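Data first, discussion second: the structure below is written as structure tokens.
The values are calculated or read from the model by the stated rules, or taken from the named source; none is laboratory data. Quick caveat: nothing in here was measured; it's all calculated off a predicted structure. Please note: Cβ atoms are built from the backbone with ideal geometry, for glycine as well, and neighbour counts cover all protein chains shown. These area figures cover heavy atoms from the full protein model, side chains too; ligands, DNA and RNA do not enter into them. Shrake-Rupley method; radii C 1.70, N 1.55, O 1.52, S 1.80 Å.
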Amino acid sequence: MKIKKLCLAISAGMLLASSNSVLAQEDNAHMLRMVRLDVKVGHTSAFREAMRAYNDCYTENGGESSWSVWSNVTGAGDYYYLVSRMDNYAEMGEQDEASRECWPMAEEQIMPHISQFEARYARFMPDWSGEYSDSTVVELHQFRVEDGREFRETVGEITNILKEADHPHMGAWYRNLHSSSNQPNYFVVSRYADFAAMDEERPSAYRGVADAAGEERADELWDAFGDSLHEDWEYRSELLARIPSLDMNIGED
């Protein structure tokens, strides 16, 4: 039963019909489904080989769905996010002939290398987000919120100030859907073209607000932001790197 549940979850994460599923692609309030696959110790090469074999099968059978694949750089163990974009929940019920044809291969070749999974859904927040830029490295800044109203008002003002000031490095904000009480409620994606871009000095969001509205107002907003978060844990981050060889129907960066 456990293996069957794993199969169903991974199948849904990989095979959602989508034309643009790169993490943080943005042109409207779309949804993301992110399926985290934890790979058993010592199984990384075999897992990737099995994923590539599945992708080859899917392509040969005319599959049109798309997903991007990201691997953790920080954190414990070796895990991957399979990221698909949805315009609505109805797409969760769609599955094409190529996926049905190739899924027995995935069940036999991918499943033995997976220890557990977690599915997450999120809604893009265009009003808080900057313009999209290609990236092969992203950092997810995740927040667990105590006072939702104060959080939304504060972040809304911060991002408005940054947009009006043409801040060059605004992230892409998402609101997590169906999250449990001990999970983050929101996350913002910081994007980098590659690892070398992380060495470049970037003006912080705080500095952008302070330069535009003054340090006193920046301090007030950052205090309000902190007050809106849970005291037990407020913030977590993940650094992820794109694995283009495992992407499906995404195209070149």
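Remarks
- Helical contribution to [θ] at 222 nm, DSSP H n ≥ 4, -39,500 (n - 2.57), averaged over the chain, rounded to 500: -10500 deg cm²/dmol
- Every Cα-Cα pair in the chain was counted, and those over 26 Å apart are 43% of them.
- Ordering Ser190, Ser71, Ala122 by Cα displacement along the dipole of region 31-246 toward the positive end leaves Ser71 in first place; charges were set at the Cβ atoms of Lys, Arg (+1) and Asp, Glu (-1).
- Most mobile listed residue (Arg207, Arg123, Arg191) in the chain, GNM with C-alpha springs under 10 Å: Arg207
- Converting phi to 3J(HN,Hα) with the Karplus coefficients 6.51, -1.76 and 1.60 and the offset θ = phi - 60°, region 144-157 yields 9, 9, 8, 10, x, 5, 5, 4, 5, 5, 5, 5, x, 5 Hz in sequence order, with x at every glycine or proline.
- For peptides 60-70, 175-185, sequence by mean Cβ density within 10 Å, most packed first: 60-70, 175-185
- Between 0 and 90°, nearest 10: helix 2-15 axis offset from the chain longest Cα axis: 70
- For the options Met170, Met198, Met51, a Gaussian network treatment of the chain with springs between C-alpha atoms closer than 10 Å singles out Met198 as fluctuating the most.
- Anisotropy class of region 153-251 from Cα gyration tensor, a/c 1.5 cut: oblate
- The convex hull defined by the C-alpha atoms of region 45-123 has an orientation-averaged projected area of 6.1 nm².
- Of Phe143, Leu240, His113, farthest towards positive along the dipole that unit charges on Lys, Arg, Asp, Glu beta carbons give the chain: His113
- Annotation for region 91-134: GluC sites (Glu not before Pro) lying in DSSP loop with at most 11 further Cβ atoms inside 10 Å of their Cβ are Glu131.
- Over region 31-246, accessible surface divided per residue gives 49 Å², non-protein components excluded, 1.4 Å probe.
- Per-atom-type breakdown for region 31-246 gives carbon and sulfur 44% of the accessible area (1.4 Å probe, protein chains only).
- Here the dipole of the chain is about 1120 debye; that uses its Cα centre as origin and unit charges on the Cβ of Lys and Arg (positive) and Asp and Glu (negative).
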